[in-house]
Amino acid sequence: MIVRAIERLGATTSYHVSDLGRMAAFLGYTIIGCLRTPFRFGELVRQIRLIGVNSTPLILFIGLFTGMVLGLQGYYTLRKVGMEGTLGMLVSLSLIRELGPVLTALMVTGRAGSAMCAELGIMRNSEQFDALECMAIDPFRYLISPKFLATIIAMPILTIFFDLVGIFGGYLSGVVLLGVNPGAYMDGIVVKVLNEDINLGLYKSFSFALLVVWICTGRGYFVQQIKGAGFGAEGVSRVTTQAVVYTSIAVLLWNYLITAVFI
């Protein structure tokens, strides 16, 4: 029994090490694909539309109500200590440093990341990658690198939209509904939000974009090599779920590490 347990532990460890190695090589090939010519600029624009533009309504909706909830909760918390005038600072810093990048990454993962994973998984199961390689077409340059670049370009912009709409939502809750002084609200944003706060939020957004596109596309590309995935449509569905879960966990862990370093 002990020997079998050790064998299972060794097999599991070996699988995860191999899987990590595959994903690292996948990232390298994807970056190399971004540098190869001819560059598919039209496909890049199409992916920006699919990943970024089509996600904008969702991001704006969630950003607005996130800001409104922050405004409500922040107001009733700050009122207990007589500091309602700092509501603008609370809402803006919470959104710019933390909630904006994290929630944007999670929403893009659920909406666009899952679609990328499912698309590549279906292409792998239907042997479309093998067909591309038989025609001497690099699948990374042709399919994956445009998704990679589009996600890295689109997600910081979506994060900025989320932050702006969220701050406006906080204004609606705090100033319009609860009567906070509008000058104090705006002064808290202008004076207290520094360049390093904005830079931190953008850096988080950029790194989250890398995690989202790397994990989601990698899981779809290696769908047939993932342990316990199964075959056909069932395998794609399991791997897509796995990709969303792994990406969400990676985003939250990486967010904690970045915050712990730069706080």
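Remark: pairs (first residue in region 85-100, free of Cβ contacts under 8 Å to residues at least 40 places away in the same chain and in a helix (DSSP H, G or I); second residue of a type outside the set (Phe, Trp, Tyr) and surrounded by fewer than 24 Cβ atoms within 10 Å (Cβ to Cβ); Cβ separation under 7 Å; 6+ apart in sequence or on different chains) = 94/70. Consider residue 204 carefully, then state whether it is within 22 Å of residue 72 (Cβ to Cβ) and in contact (Cβ under 8 Å) with a residue 24 or more places away in the chain. No.
On the basis of being in contact with a Leu (Cβ under 6 Å, 6 or more places away or on another chain) and aliphatic (A, V, I, L, M), does residue 175 make the cut? The answer is no for residue 175. None of 184, 260 is at negative phi and surrounded by fewer than 15 Cβ atoms within 10 Å (Cβ to Cβ) except 260.
So that you can scan it fast, the table gives a plain yes or no per residue for (1) crowded, with 22+ Cβ neighbours inside 10 Å; (2) acidic (Asp, Glu); (3) part of a helix (DSSP H, G or I):
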| residue | (1), (2), (3) |
| --- | --- |
| 116 | yes, no, yes |
| 119 | no, yes, yes |
| 133 | no, yes, yes |
| 145 | yes, no, yes |
| 153 | no, no, yes |
| 163 | yes, yes, yes |
| 173 | yes, no, yes |
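Checked against (1) modelled with pLDDT of 80 or more; (2) surrounded by 13 or more Cβ atoms within 10 Å (Cβ to Cβ); (3) of a type outside the set (Lys, Arg), residue 19 passes all but condition (1).
Contact annotation: residue pairs with Cβ atoms under 8 Å, 6 or more positions apart or on different chains, pairing a residue in region 69-82 that is in a helix (DSSP H, G or I) with a partner that is of a type in the set (Phe, Trp, Tyr), are 71/171. Taken together, the criteria place residue 185 among residues that are under 22 Å from residue 63 (Cβ atoms) and touching a residue at least 24 places away in the same chain (Cβ under 8 Å). Only a single item in (1) more than 22 Å from the chain's Cα centre (by Cα); (2) within 24 Å of residue 235 (Cβ to Cβ); (3) hydrophobic (A, V, I, L, M, F, W, C) is not met by residue 148, and it is number (1).
Residue by residue, here is whether (1) outside any helix (DSSP H, G or I); (2) crowded, with 18+ Cβ neighbours inside 10 Å holds:
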| residue | (1), (2) |
| --- | --- |
| 180 | yes, yes |
| 200 | no, yes |
| 203 | no, no |
| 211 | no, yes |
| 217 | no, yes |
| 224 | no, no |
| 234 | no, no |
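May I ask you to list the residues in region 223-245 that are closer than 19 Å to residue 23 by Cα and under 20 Å from the mean Cα position of the chain (by Cα)? Those that are closer than 19 Å to residue 23 by Cα and under 20 Å from the mean Cα position of the chain (by Cα): 238, 239, 240, 241, 242, 243, 244, 245.
Table: residues versus (1) surrounded by 19 or more Cβ atoms within 10 Å (Cβ to Cβ); (2) under 19 Å from the mean Cα position of the chain (by Cα).
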residue	(1), (2)
36	no, no
39	no, no
42	no, no
53	no, yes
58	no, yes
71	yes, no
81	no, no
91	yes, no
96	yes, yes
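Taken over region 174-211, the residue count meeting the criterion of being under 19 Å from residue 86 (Cβ atoms) and in contact with a Lys or Arg (Cβ under 8 Å, 6 or more places away or on another chain) is 1.
The values are calculated or read from the model by the stated rules, or taken from the named source; none is laboratory data. Because the structure is predicted, anything quoted here is derived from the model rather than measured. For neighbour counting, all protein chains shown are included, and Cβ atoms are generated from backbone atoms with ideal geometry for every residue, glycine included.
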